[in-house]
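First comes the structure, then the notes that go with it.
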Amino acid sequence: MADANENGNNLEPEKRALLNHHTESHFTAGEIVRDIIIGVSDGLTVPFALAAGLSGANAPSSIVLTAGVAEVAAGAISMGLGGYLAAKSEADHYSREFKREQAEIISVPDTEAAEVAEILAQYDLEPHEYWPVVNALRKKPQAWLEFMMKFELGLEKPDPRRALQSALTIAVSYVLGGLVPLGPYALVPRATDALVASVVLTLIALLIFGYVKGRFTGDKPFRSALQTALVGAIASAAAFGLAKAVQAI
């Protein structure tokens, strides 16, 4: 954003005034929302299925709660680590491509300039319209490099804090989601009674979460709510049925 602001300082005063008076309401926190969705959806579903399965095996509430807490802790660590490694890999990939593109601009500038022209031509610009842009970029190596990263490779510069932020967001979201289906087992001694409360509470949470997720992702909120609750219900029913089948053997 800093680079964009610096480049924006070159705008004519009247153009800058127009931009200052125009506010766009685009949603820009997509990565954070994605991490929350990953963490909460798994946090609600996996411990829910585990608790249902143990309840189906007639385990007491204390055992279900202990196993559930252990799963939530392990799941949060695993999911958080997965988010960290994914974001770190993305940053490493960007760094490698950045160095490669930088070297190509130095070693084969004419070829890279032709690639800029090819990119601009895809927007139905004529040669007499895009060649001045190409020549202007050649005079500004840093802007040229950023242009190639974004428009040739389709890569955005990642936030250096992204890996740690992703890990923490996913892990915390997983824990918060996992506490919902396990809560009744901490309050109700009989696992069968706790299971009923857990099912009701978790399905309500899944419906609310699915609705909110739909609002943020642009999906139909009510359809998203039903789909999310259906996935959780199927997972828990499968775990419960499997436990009952194994117990009957």
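The values are calculated or read from the model by the stated rules, or taken from the named source; none is laboratory data. The shown structure was predicted, so the numbers you read here are calculated from the model rather than taken from an experiment. Don't worry about glycine lacking a Cβ; one is built from the backbone with ideal geometry, like all the others, and counts go over all protein chains shown. Calculation scope for accessible area: heavy atoms of the full protein, side chains included, ligands and nucleic acids excluded. Shrake-Rupley method; radii C 1.70, N 1.55, O 1.52, S 1.80 Å.
Numbers below:
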quantity	calculated
Close pairs (8 angstrom Cβ cut-off, 6 or more residues apart or separate chains): in contact (Cβ under 8 Å) with a residue 12 or more places away in the chain and in a helix (DSSP H, G or I) in segment 209-222, among the aliphatic types (A, V, I, L, M) and open to solvent by 100 Å² or more (accessible area, probe 1.4 Å) anywhere	210/226
So residue 162, is it open to solvent by 50 Å² or more (accessible area, probe 1.4 Å), within 16 Å of the chain's Cα centre (by Cα) and closer than 28 Å to residue 81 by Cα	no
Selection count where residues are modelled with pLDDT of 85 or more and more than 13 Å from residue 228 (Cα to Cα), scope segment 24-45	3
Residue list for segment 222-234, restricted to those being open to solvent by 30 Å² or more (accessible area, probe 1.4 Å) and not β-branched (Val, Ile, Thr)	222, 223, 226, 227, 230, 233
Selection count, segment 105-117, where residues are of a type in the set (Asp, Glu) and open to solvent by 80 Å² or more (accessible area, probe 1.4 Å)	1
Members of segment 165-184 found to be under 15 Å from the mean Cα position of the chain (by Cα) and surrounded by fewer than 18 Cβ atoms within 10 Å (Cβ to Cβ), listed by number	165, 168, 172
Residue tally, condition under 17 Å from residue 63 (Cβ atoms), open to solvent by less than 90 Å² (accessible area, probe 1.4 Å) and either among the aromatic types (Phe, Trp, Tyr) or in contact (Cβ under 8 Å) with a residue 60 or more places away in the chain (or both), over segment 185-208	8
The one condition in (1) out of contact with any Lys or Arg (no Cβ under 7 Å at 6 or more places or on another chain); (2) closer than 30 Å to residue 196 by Cβ that residue 61 fails to fulfil	(1)
All positions within segment 118-156 that are farther than 23 Å from residue 94 by Cα, open to solvent by less than 70 Å² (accessible area, probe 1.4 Å) and without any contact (Cβ under 8 Å) to a residue 12 or more places away in the chain	121, 125, 127, 136
